[in-house]
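Novice: Dropping a structure here in structure tokens format, bear with me for questions.
The values are calculated or read from the model by the stated rules, or taken from the named source; none is laboratory data. Worth saying up front: this structure is predicted, and the values here are computed from it rather than measured. A quick note on method: Cβ atoms are made from the backbone with ideal geometry, for glycine too, and the neighbour counts reach across all protein chains shown. Quick note on the areas: whole protein, heavy atoms, side chains included, nothing else; ligands and nucleic acids left out. Shrake-Rupley method; radii C 1.70, N 1.55, O 1.52, S 1.80 Å.
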Amino acid sequence: MSLFITKYCSIKNNQVSINGNIDFTFKDSFEFGKFIRAAYRYYKIRYPKFFKMDNLCKLGFLTAEILLKDQKILNSYTSDEISIILTNSSSSLETDEKHFETIKDRDHYYPSPSIFVYTLPNIMSGEISIRHKIKGENAVFICEKYDPDFIYNQAKLTLGKERVKSCITGRVEYYDNNYESLLFLVEKENNIKDKNVKSEFIIFNVANLDEIYKS
Amino acid sequence: MAEVFAGADNIITSLGFTTSENIKNIKKGLTGLDISTDEALSPVPLPLSLIDQHRLVSSFEQYISTHHTGLINEDFTRLEKMFILSIHNALSKTRINIQDKRTLLILSTTKGNIDLLTPPLEKKFERKRVYLWELARVLKDHFGSPNTPMVVSNACISGVLGIIFGKRMIKAGLYDNVIVTGGDIITDFVISGFQSFQTLSPEPCKPFDKSRNGLSLGEGCGTIIFSSDPAIIGSNEEIRVLSGACSNDANHISGPSRTGEGLYIAIRNILKSSMLKPEDIDYISAHGTATDYNDEMESKALSWAKLNPVPVNSYKGCFGHTLGAAGVIESIISLYSMKQNILLRSTGFEELGVSRKINVIDKFKEKQINTCLKTASGFGGCNAAVIFSKY
């Protein structure tokens, strides 16, 4: 089974890159909130729920949005043939702290479901799934750093299932204005419709996952 | 490809510190859920299944005095003590070496050392200990494992996912042995959040029952050892992990699907990949949180998969919802049921209160169980299912 990276997207340092090329840069502020809203507008996304998400979900959602834009996978595969395998370092720590603020003083005790629901890192894969109606394999793992071996192994094992045709995988990390995302769209060779463009795709392996991250 | 066998295990909950102690108490009809009036946990009294902290400390002191004389109780957080005792107890019944490169530790947890957001007065832990990978590193270093543990944090399906991904890695030959451990503690952090959702039951939870009124929370830790070699894992009966799958509802981040489609997809996929028919399943260990929506959703998914006649129970009535530990602890009790060929009563259940007619176990029964389906669902719309089989 040959696996190919048919597209990848990264968001870091106020920049969005697609397949390694800078596609959007924001210079007005280094505040994540302002940057991510500017990117949302730049890509003409219309999804009001975006504004309710915590920062981790906003980052994951937008990366997936740009990754899947103009891609055929949502049409060529059924909803349960697409999988999502994500990694992250800080889990939902920023929202954990936010929820904790609402309960630490018993005289000002106001826990809120709209905050609490984001105290789980897999809400991010849930948001992506809801947006694109993706119902396949779905898992979030915690790795201290970007770990190409881990991502490769788990995505490959998931794609080893006959029913799984493609995988959205990589890392989405956010804590305290420090953020970084890198998502790959991985597909099986025999499912890639346009054989002519196959030569442009990158082989899904550890070396390439490592190289793309470093570049 | 290698087969994957389930071996020795351990459960630490309010009902005991070993699997056998837990099972003995469940068979007696005891529940670990007890009304707590501790205002540090909740402004209102609430049924909770809490681990006896004195016993945890004394058990841990006994453990380090025998095995690690250089260490002290205060070196580890509450959750770390639970994990260490649980892993040690399960491992001690096997011939597996955790320091071998072919053995991997998988840690399933939703919130890890979340109590460190309010550091205990007696010992200040480093800030980074709230990171789940740091919790994993503490366990790795303690046991001298050469491999970075896999950390699964995927809401309430974390435990079942740990089993599924562990099984896949053994099957693919990446490891020979996998130790899946799941654990979570109950603090005001989790209680307040569930209270804000108004999903907590004022009485001990009653999964699938007509008068169910929400879920109950519990803390716990469970560990199961899996291996490609059935001879070294401390089990007399060969039980295989046949197949596992997960899915997403793609419907709502905090509410289960109204149709049960997500869970149905996971069940359908594993029945297909293990070439089983619905009637081949002898017993189902459901998620059964006792919220209106969850239990209703599960009844629809089971019905959709034509599993209505199969005996089903939920263990949430025994020790509440133990979050990241739930899938592991409930799998251990299911494996025990298979070995003993018994069906344990679904604690808290009296009268069916879901729209699809499913076969909830209302009293202890003996039954030949060759194949068992374990399911889980959680926030984020996630679902997971795994099949254990004697064949």
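Novice: What part of the accessible area of chain B, given as a whole %, is carbon or sulfur when the probe is 1.4 angstrom?
Specialist: Ligands and nucleic acids excluded, carbon and sulfur give 50 percent.
Novice: So which aspartates and glutamates can B:Lys339 reach, going by Cα to Cα under 16 Å and dropping same-chain residues fewer than 8 places off?
Specialist: B:Asp9, B:Glu237, B:Glu238, B:Asp282, B:Glu330, B:Glu366
Novice: Under a cut-off of 17 Å between alpha-carbon atoms, report the lysines in cross-link reach of A:Lys27, not counting same-chain residues fewer than 8 places apart.
Specialist: A:Lys12
Novice: Now a separate question. Could you tell me the relative contact order of chain B? Use alpha-carbon pairs under 8 Å, at least six residues apart, and round to a whole percent.
Specialist: Over chain B, the number comes to 23 percent.
Novice: I've got another one for you. Roughly how far apart, in whole Å, are the Cα centres of segment B:160-217 and segment B:73-107?
Specialist: 20
Novice: So if a site counts as exposed when it's one of the chymotrypsin sites (Phe, Trp or Tyr not before Pro), its DSSP state isn't H, G, I, E or B, and it has at most 15 other Cβ atoms within 10 Å, what's the longest stretch of chain A without one?
Specialist: A:110-215
Novice: Roughly how large is the A-B contact in terms of buried accessible area, totalled over both chains, probe 1.4 Å, nearest 100 Å²?
Specialist: 4300
Novice: Using just the helices of chain B, give the 222 nm mean residue ellipticity in deg cm²/dmol: DSSP H runs with n ≥ 4 each add -39,500 (n - 2.57), and the total is spread over all residues, rounded to 500.
Specialist: Rounded to the nearest 500, the figure is -9500 deg cm²/dmol.
Novice: Quick one: work out the % antiparallel among DSSP beta bridges in the protein assembly as shown, nearest 5.
Specialist: Bridges in the protein assembly as shown that DSSP calls antiparallel: roughly 70 percent.
Novice: Please tell me which of these pairs span more than 31 angstrom C-alpha to C-alpha: A:Lys133/B:Lys363; A:Lys161/B:Lys101; A:Lys98/B:Lys167; B:Lys81/B:Lys300?
Specialist: A:Lys133/B:Lys363; A:Lys98/B:Lys167; B:Lys81/B:Lys300
Novice: Still on this structure: Pop a pseudo-label 7 angstrom from the Cα along the beta-carbon direction at both A:Ile18 and B:Met1 and give the gap in nm to one decimal.
Specialist: It works out to 3.6 nm between the two label points.
Novice: Hey, can you list the DSSP H helices of chain B whose Cα span along the axis is 15 Å or longer and whose average Kyte-Doolittle score is at least 0.5?
Specialist: Helices meeting the span and hydropathy rule in chain B are B:78-91, B:158-171, B:326-340.
Novice: Next question. Shielding by partners for B:153-163, please: the mean number of other protein chain Cβ atoms within 10 Å of each residue's Cβ.
Specialist: 4
Novice: How big is the dipole moment of chain A about its Cα centre under a simple scheme where the beta carbon of each Lys and Arg is +1, that of each Asp and Glu is -1, and everything else is neutral? Debye, nearest 20, please.
Specialist: Using only the charged Cβ atoms, the result is roughly 900 debye.
Novice: For Cα pairs less than 8 Å apart in space and 6+ apart in sequence, what is the mean separation divided by the residue count of segment A:133-194, i.e. the relative contact order in percent?
Specialist: It rounds to 24 percent for segment A:133-194.
Novice: Quick check: from the Cα gyration tensor, does the protein assembly as shown come out rounded (a/c under 1.5), prolate or oblate?
Specialist: Cα axes put the protein assembly as shown in the rounded bin.
Novice: In the structure shown, do any of B:Lys210/B:Lys306; A:Lys52/A:Lys165; A:Lys135/A:Lys188; B:Lys272/B:Lys365 have a Cα-Cα gap over 25 Å, and if so which?
Specialist: In this structure, A:Lys52/A:Lys165; B:Lys272/B:Lys365 lie more than 25 Å apart at Cα.
Novice: Restricting to segment B:5-232, what percent of DSSP beta bridges are antiparallel, rounded to 5?
Specialist: The antiparallel fraction comes to roughly 60 percent.
Novice: What figure, in Å² to the nearest 10, do you get for the accessible area of B:Trp133 with a 1.4 Å probe and non-protein molecules left out?
Specialist: Roughly 40 Å² of B:Trp133 is accessible to a 1.4 Å probe.
Novice: Other chains near B:265-273: what is the mean number of their Cβ atoms within 10 Å of each residue's Cβ?
Specialist: 3
Novice: Right, something else. Out of B:Thr223, B:Thr103, B:Pro278, whose Cα points farthest toward the positive end of the dipole of chain B (charges: +1 Lys, Arg; -1 Asp, Glu; placed on Cβ)?
Specialist: B:Pro278
Novice: Per the Debye formula with a single identical scatterer at each Cα and no solvent contribution, what log10 I(q)/I(0) holds for segment A:1-121 at q = 0.09, 0.20 Å⁻¹?
Specialist: Computed log10 I(q)/I(0) values: -0.33, -1.25.
Novice: Under a 1.4 Å probe, what is the accessible area of segment A:1-158 per residue, stated in Å²?
Specialist: I get 40 Å² per residue for segment A:1-158.
Novice: Rounded if a/c is under 1.5, else prolate if a/b beats b/c, else oblate: with a ≥ b ≥ c from the C-alpha gyration tensor eigenvalues square-rooted, which is segment B:271-342?
Specialist: Since a/c reaches 1.5 but b/c is at least a/b, the shape of segment B:271-342 is classed as oblate.
Novice: Just how far, in whole angstrom, is segment A:139-154 from segment B:1-44 if you go by their alpha carbon centroids?
Specialist: 31
Novice: I would also like to ask the following. What nm distance separates the two modelled labels at B:Ser92 and B:Asn73, each placed 7 Å from Cα along Cα→Cβ?
Specialist: Distance between the two pseudo-spin positions: 1.8 nm.
Novice: Using only protein heavy atoms and a 1.4 Å probe, report how much of B:Ser355 is accessible, in Å² to the nearest 10.
Specialist: The accessible area comes out at roughly 70 Å².
Novice: Considering only protein heavy atoms, what is the solvent-accessible area of A:Asp149 at a probe of 1.4 Å, reported in Å² to the nearest 10?
Specialist: About 80 Å², rounded to the nearest 10.
Novice: Local charge sum around B:Ser20 (other residues, Cβ-Cβ under 15 Å, Lys/Arg +1, Asp/Glu -1)?
Specialist: +3
Novice: So, for chain B, what is the accessible surface per residue at a probe of 1.4 Å, expressed in square angstrom?
Specialist: Normalised by residue count, the accessible surface of chain B is 34 Å².
Novice: Take chain B, mark every one of the GluC sites (Glu not before Pro) that falls in a DSSP loop and has at most 16 other Cβ within 10 Å, then report the longest stretch left between them, sites excluded.
Specialist: So the longest stretch without any such site is B:239-349.
Novice: Something else about it: For chain A, what is the per residue volume of the convex hull drawn over the alpha-carbon atoms, in cubic angstrom?
Specialist: 123
Novice: Now, a different point. When the helices in chain A are scored as -39500 (n - 2.57) per DSSP H run of 4 or longer and the sum is shared across all residues, what 222 nm value do you end up with, to the nearest 500 deg cm²/dmol?
Specialist: That calculation yields -9500 deg cm²/dmol at 222 nm.
Novice: Taking loop as defined by DSSP and a crowding limit of 15 other beta carbons within 10 Å, which trypsin sites (Lys or Arg not before Pro) in segment B:163-256 fit?
Specialist: Loop-located and lightly packed - B:Lys210.
Novice: Starting from the Cα of B:Lys206, draw a straight line to each of the aspartates and glutamates and keep only those under 15 Å, dropping any in the same chain fewer than 8 residues away.
Specialist: B:Asp34, B:Asp292, B:Asp295, B:Glu296, B:Glu298, B:Glu350, B:Glu351, B:Asp362
Novice: Sorted by accessible area with a 1.4 angstrom probe, largest first, how do B:Leu30, A:Leu157 fall?
Specialist: From most accessible down to least: B:Leu30, A:Leu157.
Novice: Give the peptides B:332-340, A:12-20 in descending order of average Cβ contacts within 10 Å, highest first.
Specialist: Listed from highest to lowest mean packing, they are B:332-340, A:12-20.
Novice: Taking θ as phi - 60°, what are the ³J(HN,Hα) couplings along segment B:7-12 by the Karplus curve (6.51, -1.76, 1.60), each to the nearest whole Hz, with x for Gly and Pro?
Specialist: x, 4, 8, 8, 10, 10
Novice: On to the next question. Accessible area, 1.4 Å probe, largest first: how do A:Ile115, A:Ile130 sort?
Specialist: Reading off the accessible areas and sorting them downward yields A:Ile115, A:Ile130.
Novice: Averaged over its residues, how many other protein chain Cβ atoms are within 10 Å of peptide A:108-121's Cβ atoms?
Specialist: Rounded to a whole number, the mean comes out at 6.
Novice: Does segment B:239-389 come out rounded, prolate or oblate by the C-alpha gyration tensor, with a ≥ b ≥ c the root eigenvalues, rounded set by a/c under 1.5 and, if not, prolate when a/b is larger than b/c and oblate if not?
Specialist: Judged from the Cα gyration tensor, segment B:239-389 comes out rounded (a/c under 1.5).
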